[in-house]
Amino acid sequence: MGIGEHRSSTVDVRGTPVPIASGGDGPPLLFLHGEGNTWPWRAVHDELAHHFEVHAPVHPGFGGTHLPEWVTGMADLAYHYVDVLDALGLDRPVVVGESLGGWLAFRLAAQRPDRVSGLVLIGSLGLQPATPMPDLFIKAGPEALGYLSDRLDARAVDPLQGDAEAATDLWLDQAAQARLMWERPYDPTWLRLAHHVRAPTRVIWGAADRLLPPDHATRLADVMGAPPPTVVAGAGHLVTVDAPTDVAAAVTDLAGEIA
Amino acid sequence: MQLYFFHLMPWPHIDPEVREKYGSSWVVYPNSEYDPVEGSRLYNQYLDQLSFADQIGFDAVCVNEHHQNAYGLMPSPNIMAAALVSRTKQARIAILGNGVAMRRNPLRVAEEVAMLDVMSGGRVISGFVRGIGAEYHSLGLDPTTSRDRFFEAHDLIVKAWTTPGPFEWDGRFFHYRYVNVWPRPLTQPHPPIFVPSQGSDETLEWAAQHRYPLACTFVPMERLKAFYDRYRSFASEQFGYDAGPEQFGFTSLIHVDTDEKKAQAAVEPHVRYFIERCFVLPLPIFFPPGYTDAGSYRRRVTIAREVAASGGPTLNAGAPLIGTPEQVGERLVANLAEAGAGTLLAQFQVGDMPHDKVMRSMELFADKVLPYLPREPRAAGAAGSAGISPPA
């Protein structure tokens with residue numbers, strides 16, 4: 001398959017239909033998306049597909065899929081991704097996670113260290129920040145998206161003045177996110193679990209992150225025993241949206257170390 | 001016709017620029033704006049209005065539950081109901097309702113409502129609500145499981161009232177090794193259940209299934225009729241019965257004066273206060289992510305656009321019950337007939353309307369409207385007495 005091409009399929013993962021976009025050649029890579037309707041195949045996947053066989057699934061409840069009752073927190077989703085790896089026949093991929101996907105990638109690497117060869121945390125949620133994150137659930141869609149990236153179409157998701165369908169799609173993604181982090185927007189067990197992660201880890205952050213400022217990245221890298229974070233100038237919270245090339249370069253750098 | 005006295009107990013001193021400065025009078029409106037000395041005076045006035053409703057012959061007085069807001073100052077409806085047990089003699093006490101989906105321990109509701117029912121001589125009407133979306137922000141509760149928690153909490157509470165304990169409850173959200181509530185309710189098999197609703201399909205179907213009376217508040221007549229028609233068609237098509245007027249409530253603002261213009265002028269600033277300061281509920285607060293299913297949210301977006309275009313919610317569906325006693329009486333009967341509703345939930349106090357104005361309108365209503373309404377004699381509670389006696 002050539003560069004820029006990808007295939008979309010829906011894989012049955014122990015009864016849960018999981019839409020997955022895959023493409024590229026190289027070592028396997030699992031990409032765990034963040035919030036803001038960022039689950040489809042995007043520029044960052046194309047960039048990564050130059051060096052990796054990229055698999056980008058949609059988390060249960062996101063992208064218009066059903067939010068199952070069994071999702072009660074990140075631990076459930078992490079075990080779901082063990083099942084996803086089995087369904088895809090992936091033994092030990094590099095796992096890249098952005099924002100809430102970073103939190104999830106951490107849980108997967110901590111719960112099943114034998115299944116993760118490298119861990120990349122991009123603007124990751126999960127580690128308790130020194131000062132509380134802004135609450136995006138209480139903000140209207142356009143304002144919430146503004147915290148994530150300036151490049152998302154914020155006006156479209158205004159339920160009163162924008163596109164009602166786009167607003168509803170975002171609201172449903174936020175619902176799936178609410179199930180995971182409404183009652184506690186971080187993982188109180190992070191520090192206790194961190195030593196379970198055996199995979200080499202990289203932290204990538206946006207210099208202009210409005211949700212979690214970059215000094216949080218320094219702490220996170222320290223907690224994870226990772227090198228100092230790669231802080232991307234001009235990028236906001238969703239670095240894969242704002243600076244996909246920088247993300248691909250940093251991930252490829254890590255892959256060199258593993259190989 | 002059943003006549004219920006409805007009250008929100010609002011805070012009457014909300015910042016005129018609440019929308020611009022704080023975004024909402026709910027959840028984030030700082031409680032430094034609340035003055036407890038003034039609050040004490042207000043609670044007593046509001047309770048006086050509710051006990052006066054009992055004295056002039058209302059069938060029920062209503063309390064309700066809202067959290068961390070200036071719209072309604074009854075975070076614990078059961079505390080307010082307890083205050084009314086000894087302040088009222090004959091009227092039922094309608095808790096509209098306990099937010100059972102918001103309780104981490106819903107068995108507490110089974111206990112408290114049973115206490116109230118026993119203490120009041122069986123005068124309690126037990127409303128159950130999910131709580132509006134804002135409550136999920138205020139209480140830090142995941143809105144995505146709210147509906148399922150509501151159904152399970154309801155099933156648990158009704159079973160706790162009707163099945164001899166101890167028994168074990170093993171549900172998705174709640175687990176109790178011993179369900180065995182003391183006291184049991186006086187009203188058998190249990191206090192009547194009432195469902196205030198925002199008209200979602202899921203709630204209409206569920207209430208129709210259980211034959212629970214239901215009331216939607218602050219919606220225009222056309223939408224109200226559509227909601228109630230939906231309930232009636234669930235009843236007849238899925239559950240095999242015809243839902244009668246006793247299963248529907250009709251909520252309306254009422255103000256009576258000696259002429260219509262005077263009545264309108266008297267009410268207008270307080271309605272404006274309600275819309276511009278109490279009901280400042282942006283959509284993400286009112287309907288947080290996952291609070292309903294996708295279909296209900298799409299309908300809600302449409303409604304929010306209509307409400308924004310029309311300048312606010314509707315306090316009086318149908319012909320306004322604001323005018324002379326004759327006008328109010330005639331329109332009231334006509335509105336209930338049009339909605340197919342048998343219970344009027346009459347709201348006399350609105351926004352920052354002061355006590356004297358409320359009492360004058362209630363007195364006029366008692367003298368000139370109430371005696372002419374088509375009503376049954378007031379029913380006594382299950383004990384045939386008033387329970388704990390009011391102070392002489």
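Residue-wise test of (1) crowded, with 24+ Cβ neighbours inside 10 Å; (2) more than 15 Å from the chain's Cα centre (by Cα).
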{"site": "A:Thr38", "(1), (2)": "no, no"}
{"site": "A:Leu48", "(1), (2)": "yes, no"}
{"site": "A:His51", "(1), (2)": "no, yes"}
{"site": "A:Arg112", "(1), (2)": "no, yes"}
{"site": "A:Thr131", "(1), (2)": "no, yes"}
message = Just checking, does the range B:345-364 include any residue being over 21 Å from B:Met221 (Cα atoms) and either within 14 Å of chain A (Cβ to nearest Cβ) or touching a strand residue (DSSP E or B) at 6+ places or on another chain (Cβ under 7 Å) (or both)?
response = yes
Subset tally (residues that are away from every other protein chain (no Cβ under 13 Å) and in contact (Cβ under 8 Å) with a residue 40 or more places away in the chain) for the range A:126-142 = 6
inquiry  = Given the condition over 30 Å from B:Arg298 (Cβ atoms), assigned to a strand (DSSP E or B) and not hydrophobic (A, V, I, L, M, F, W, C), answer yes or no: does some residue in the range A:184-196 qualify?
reply    = no
query = Going by the conditions given, is A:Gly24 within 14 Å of chain B (Cβ to nearest Cβ), on the phi > 0 side of the Ramachandran plot and either in contact (Cβ under 8 Å) with a residue 40 or more places away in the chain or not hydroxyl-bearing (Ser, Thr, Tyr) (or both)?
reply = no
Flag if A:Val71 is surrounded by fewer than 24 Cβ atoms within 10 Å (Cβ to Cβ) and aliphatic (A, V, I, L, M) = yes
query = Does A:Ala110 satisfy the criteria of being in contact with a His (Cβ under 6 Å, 6 or more places away or on another chain) and closer than 21 Å to A:Arg198 by Cβ?
reply = yes
key: Residue among B:Val27, B:Val37 that is of a type in the set (A, V, I, L, M), within 14 Å of another protein chain (Cβ to nearest Cβ) and either free of Cβ contacts under 8 Å to residues at least 12 places away in the same chain or in contact with a His (Cβ under 6 Å, 6 or more places away or on another chain) (or both)   = B:Val27
message = Residue pairs, Cβ under 7 Å, 6 or more apart or interchain, first in the range B:209-233 and assigned to a helix (DSSP H, G or I), second of a type in the set (Phe, Trp, Tyr). List them.
response = B:Gln209/B:Phe239; B:Tyr228/B:Phe248
request  = Considering only residues that are among the charged types (D, E, K, R) and under 15 Å from A:Leu100 (Cα atoms), look in the range A:182-209 and name the one that is surrounded by the fewest Cβ atoms within 10 Å (Cβ to Cβ).
outcome  = A:Arg184
task = Would you check which residues across the range A:152-163 are at the interface with chain B (Cβ under 7 Å from one of its Cβ atoms) and surrounded by 19 or more Cβ atoms within 10 Å (Cβ to Cβ) and list them?
result = A:Pro159
remark   = Of the residues in the range A:44-82, those that are of a type in the set (S, T, N, Q) and either under 14 Å from A:Gly15 (Cβ atoms) or in contact with a helix residue (DSSP H, G or I) (Cβ under 6 Å, 6 or more places away or on another chain) (or both) number 1
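Quick note: the coordinates plus some simple rules give every number you see, no bench work behind them. Since this is a predicted model, take the numbers as computed values, not measurements. Reconstructed Cβ throughout: ideal geometry from the backbone, glycine too, with neighbour counts over all protein chains shown.
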